[in-house]
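Here the structure comes first, spelled out in structure tokens, and everything after it is commentary.
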Amino acid sequence: MATPVDKAASVFQLLEAGSKQGYIGENISQLEHALQAAQLATQEGADNETVLAALLHDIGQFCSVKELRRMLVEDIGSDDIDVGAVGHEKLGAEYLRKVGFSEKVCELVESHVVAKRYLTATEPQYYEALSKASKLSLKFQGGPFTPDEALAFEHDMLFKQKVQLRKWDDAAKIVDLVTPGLDAYMDLAIQHLTAQC
């Protein structure tokens, strides 16, 4: 059975792979984007779970459907399972659940796309400030919320954190910004995973 140290190392290896992948439509790597989002969360005094969610919000870009399927098969003892076609936010959240992260971390990771849909529906200037790549992906993510969807989202217990995480996600695209490295978050991840056992 994997220890919290093993689990954190495995997740961070996926993030490290992000240093080799560009952030779609931007001039930074996926890893730089993740580190910038985590730094913004830390600077604004977010709790540890929210900082981890900011760091890991795009982990679904790196974990494969094949890997998630393998984890689910191990859980249920059968290979008769279909993970379907899901977005990176849902894939990432499910992967983190299987690794052992708290439901709060997973919900925040899973919500960063719906928060974008909320913000584009409720703040016209938000849409205008989106990058070209982010505007394009919005079309594939369901577009802006309807008024009823926006109202329902506002009643979510983690509404404020979900919106804030999305704003950090949007801001975390600065070329050549110096941030703490991935190792700065290892102890935090290990402590978090240990507390979930």
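Here residue 145 passes the criteria (1) open to solvent by less than 50 Å² (accessible area, probe 1.4 Å); (2) part of a helix (DSSP H, G or I) except the one numbered (2). Against the test of being open to solvent by 30 Å² or more (accessible area, probe 1.4 Å) and part of a helix (DSSP H, G or I), the options 173, 167 yield a single qualifying residue, 167.
Selection of segment 176-197 for residues being among the aliphatic types (A, V, I, L, M) and either outside any helix (DSSP H, G or I) or under 19 Å from the mean Cα position of the chain (by Cα) (or both) yields 177, 178, 182, 184, 186, 188, 189, 190, 193. Any residue that is surrounded by fewer than 14 Cβ atoms within 10 Å (Cβ to Cβ), at pLDDT below 95, within 17 Å of residue 60 (Cα to Cα) and of a type outside the set (D, E, K, R) - is there at least one of those in segment 119-142? Yes, that holds for at least one residue. Sub-6 Å Cβ pairs linking a first residue in segment 129-140 that is part of a helix (DSSP H, G or I) to a second residue that is open to solvent by 100 Å² or more (accessible area, probe 1.4 Å), at least 6 apart or interchain, are 133/24, ordered by first then second residue.
Which ones in segment 148-164 are buried (at least 19 other Cβ atoms within 10 Å of the Cβ) and under 14 Å from residue 122 (Cα atoms)? Listed by number, the residues that qualify are 153, 163. Just one of (1) within 30 Å of residue 191 (Cβ to Cβ); (2) at pLDDT below 95 fails for residue 100. It is (2). Pairing residues of segment 1-19 that are of a type outside the set (A, V, I, L, M) with residues that are loosely packed, with under 13 Cβ neighbours inside 10 Å and modelled with pLDDT under 90, at Cβ distances under 7 Å and at least 6 apart in sequence or on separate chains, gives 4/197.
So that you can scan it fast, the table gives a plain yes or no per residue for (1) surrounded by fewer than 17 Cβ atoms within 10 Å (Cβ to Cβ); (2) modelled with pLDDT of 95 or more; (3) under 16 Å from the mean Cα position of the chain (by Cα); (4) outside any helix (DSSP H, G or I):
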residue	(1), (2), (3), (4)
8	no, yes, yes, no
15	no, no, yes, no
27	yes, no, no, yes
38	no, yes, yes, no
117	no, yes, yes, no
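The values are calculated or read from the model by the stated rules, or taken from the named source; none is laboratory data. Please read these numbers as outputs of a predicted model, since none were measured by experiment. Note: ideal-geometry Cβ built from the backbone for every residue, glycine included; neighbour counts use all protein chains shown. Remember, those area values only see protein heavy atoms, side chains included, never the ligands or the DNA or RNA. Shrake-Rupley method; radii C 1.70, N 1.55, O 1.52, S 1.80 Å.
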